[in-house]
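The values are calculated or read from the model by the stated rules, or taken from the named source; none is laboratory data. Treat the numbers as computed from the prediction; the structure is a model and nothing was measured. Please note: Cβ atoms are built from the backbone with ideal geometry, for glycine as well, and neighbour counts cover all protein chains shown.
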Amino acid sequence: MGRFWWTFFFALVPVVALGWTWYGAYPVSDGGPGWWFNTPSGSSIGKEIDSLFYLLTIIVTVIFFGTHIALVYVVWRFHESRNDKSWFSHGSHALEVLWTIAPAGILLFISLYQMDVWGRYRMISNFDREAVAHPIAEVTARQFEWRIRYPHPSRKFANKAEVEAWLARPEPDDLHTVNDLHVPAGKPVVIHLRTQDVLHSFFIPDLRVKQDAVPGLIIPVWFDVEKSGNHDLVCAELCGWGHYKMRGQISAQNESDFEQYLKDLETRQNDDGTKSESSEDEVASAEEGN
């Protein structure tokens, strides 16, 4: 291959690859393939996390083009057909200092820019105090399901000690379900995550929420769901042969529907499958009256 084709190859292939990557960044909602994010974020913090992803990609893209422009220039300028005299360099102190300061400056900018988002995403002290004081559920990961425990709707936590006591000792009137976590939409939500066996990872892709479940620890997880709807809950940590089927659902409902769900769950949980004689007589009387 001649100089032109080598230069063309080194210039075109990276540009095509970069263009393909950026094309995949567009979500389905904007007419793209959604390779990065299949759906727009359903939480407020998720939108800011997406913005950080795009910012980092823009920075990397600029650096990418700069280095490849230099590469294409070198391929074109110093082709093997030239018979220039060999020149040996022991390096440039100024260039090394510049090449150290520039990346350090970029990393410093990124670290400062993302501090606010990171603080709200990873520091519970920055989250809604009312939600922290009244967690809606405990989620226990185990091979290969998500076990969910709600406090009874009448249960109110007076302080942090009561929350810790509830987490340490299940109560008789707690409500239980599996792989189906219901939360109120449009308000801050706190759950507490634990694992019964191995390492798992609580991941809600649509909300950009991800937290490892570590044996021996009870870890608070906080988020909000802006609109009513259903979202996938998956395990993002290889946890055994059945890891692929460890799926659940997050159902976001308006406040009244969420309260009704808890009442219905309590009714189903307390139903022993029998009816009292008085109830049967009432049904029979109603049928005769019709």
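Count of region 229-256 residues, restricted to those that are touching a residue at least 24 places away in the same chain (Cβ under 8 Å), of a type outside the set (Gly, Ala, Ser) and part of a strand (DSSP E or B), is 9.
Scanning region 226-255 for residues that are in contact with a Leu (Cβ under 8 Å, 6 or more places away or on another chain) and surrounded by fewer than 17 Cβ atoms within 10 Å (Cβ to Cβ) yields 247, 249.
All conditions in (1) under 24 Å from residue 248 (Cα atoms); (2) surrounded by fewer than 17 Cβ atoms within 10 Å (Cβ to Cβ); (3) of a type outside the set (Gly, Ala, Ser) hold for residue 151, with the sole exception of (2). Restricting attention to region 197-222, the residues being at positive phi and surrounded by 14 or more Cβ atoms within 10 Å (Cβ to Cβ) number 1. Candidates 259, 226: the one that is assigned to a loop (DSSP other than H, G, I, E, B) and either in contact (Cβ under 8 Å) with a residue 12 or more places away in the chain or more than 18 Å from residue 148 (Cβ to Cβ) (or both) is 226. Candidates in region 4-41 are the residues that are part of a helix (DSSP H, G or I) and among the hydroxyl-bearing types (Ser, Thr, Tyr); of these, the one that is modelled with the lowest pLDDT is 29.
Only a single item in (1) among the acidic types (Asp, Glu); (2) at pLDDT 95 or above; (3) not assigned by TED's automatic domain parsing to the domain that holds residue 255 is not met by residue 116, and it is number (2).
Would you be able to tell me the number of residues in region 174-209 that are under 26 Å from residue 51 (Cα atoms) and touching a strand residue (DSSP E or B) at 6+ places or on another chain (Cβ under 7 Å)? Write out each step before concluding.
Here is the first cut: in region 174-209, the ones under 26 Å from residue 51 (Cα atoms) are 183-191, 201-209.
Filter once more, so that each one left must be touching a strand residue (DSSP E or B) at 6+ places or on another chain (Cβ under 7 Å): 183-185, 187-191, 201-207, 209.
The qualifying residues number 16.
Considering the conditions (1) exposed (fewer than 10 other Cβ atoms within 10 Å of the Cβ); (2) modelled with pLDDT under 90, residue 168 is excluded by exactly one of them, (2).
Across region 42-100, what is the total count of residues that are of a type in the set (Ser, Thr, Tyr) and part of a helix (DSSP H, G or I)?
So the first thing to find is which residues in region 42-100 are of a type in the set (Ser, Thr, Tyr), and the list is 43-44, 51, 54, 57, 61, 67, 73, 81, 86, 89, 92, 100.
If we keep only those that are part of a helix (DSSP H, G or I) too, we end up with 44, 51, 54, 57, 61, 67, 73, 100.
Of the residues in that region, 8 qualify.
Of all positions in region 239-248, none carries a residue that is modelled with pLDDT under 95, in the same structural domain as residue 184 (by TED's automatic domain parsing), hydrophobic (A, V, I, L, M, F, W, C) and within 14 Å of the chain's Cα centre (by Cα).
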